[in-house]
Amino acid sequence: MSLEVGQEAPDFTLKNNHGEEVSLSSFRGNKNVVLVFYPFAFTPTCTGELCAIRDEQAALEGHDTVVFGVSCDPVPSLKAFAAAEKIEYALLSDFYPHGDVSKAYGVFLEERGFSTRGTFIIDKTGTIAWQVVNSPADARSTDEYKAAIDALG
């Protein structure tokens, strides 16, 4: 079961596609955070979603907001994927311990070994302000993200 709007977002530290550690708590009080969980790099629906975010990055990162893609792919795969698709926002690896952050957010599909499509917008206080969870086959809309971010003010 995924988390609910109004709950405190679980903190985590993951490595990004450059091997650098990123902690959710480091943004508290400074930035809203958009976490976009997706199944796998280099797959058609995931590539489409993450490239749409790339193309809308300026609009999404307005209002003191930062976007992160999160998957269970290893760092080298995320680095190659970001380079191939010219993705400039950070992609975070939930590879090891396998899926721990996805599990904390309630989007890990245990029987399949990867996360489903879940997006969580976390406000500057560390609270989940908006969320959507879709099946692995159902893409999400960046328009919904922008509207939710705009609502934060």
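Return only the number of the condition from (1) exposed (fewer than 14 other Cβ atoms within 10 Å of the Cβ); (2) among the polar types (S, T, N, Q); (3) farther than 19 Å from residue 40 by Cβ that residue 142 does not satisfy. Just one mismatch for residue 142, condition (1). For segment 27-62, a residue qualifies if it is in contact with a Gly (Cβ under 7 Å, 6 or more places away or on another chain) and closer than 19 Å to residue 5 by Cβ, and the qualifying residues are 28, 36, 37. So which residues in segment 1-47 are of a type in the set (A, V, I, L, M) and under 13 Å from the mean Cα position of the chain (by Cα), if there are any at all? Of everything in segment 1-47, those that are of a type in the set (A, V, I, L, M) and under 13 Å from the mean Cα position of the chain (by Cα) turn out to be 9, 14, 22, 24, 33, 34, 35, 36, 41. Here residue 125 fulfils each of the conditions (1) under 20 Å from residue 10 (Cα atoms); (2) over 15 Å from the mean Cα position of the chain (by Cα); (3) surrounded by 14 or more Cβ atoms within 10 Å (Cβ to Cβ) apart from (3).
Do any residues in segment 76-103 that are without any contact (Cβ under 8 Å) to a residue 24 or more places away in the chain have Cβ atoms under 6 Å from those of residues that are exposed (fewer than 14 other Cβ atoms within 10 Å of the Cβ) and of a type in the set (Lys, Arg), where the two are at least six apart or on different chains, and which pairs are they? Once the first residue is without any contact (Cβ under 8 Å) to a residue 24 or more places away in the chain and sits in segment 76-103, no partner that is exposed (fewer than 14 other Cβ atoms within 10 Å of the Cβ) and of a type in the set (Lys, Arg) comes close enough. Among the numbered conditions (1) more than 25 Å from residue 30 (Cα to Cα); (2) in contact (Cβ under 8 Å) with a residue 12 or more places away in the chain, tell me where residue 70 comes up short. Here residue 70 clears every test but (1). Just one residue in the set 46, 51 is touching a Phe, Trp or Tyr at 6+ places or on another chain (Cβ under 6 Å), without any contact (Cβ under 8 Å) to a residue 60 or more places away in the chain and either part of a helix (DSSP H, G or I) or farther than 30 Å from residue 151 by Cα (or both); that residue is 46. Scoring residue 152 on the criteria (1) under 26 Å from residue 58 (Cα atoms); (2) surrounded by 21 or more Cβ atoms within 10 Å (Cβ to Cβ) leaves a single failure, condition (2).
Just so you know, all these numbers are worked out from the coordinates, no wet-lab data involved. As the structure is a computational prediction, the values presented were derived from the model and not from experiment. All Cβ positions, glycine included, derive from the backbone under ideal geometry; neighbour counts span all protein chains shown.
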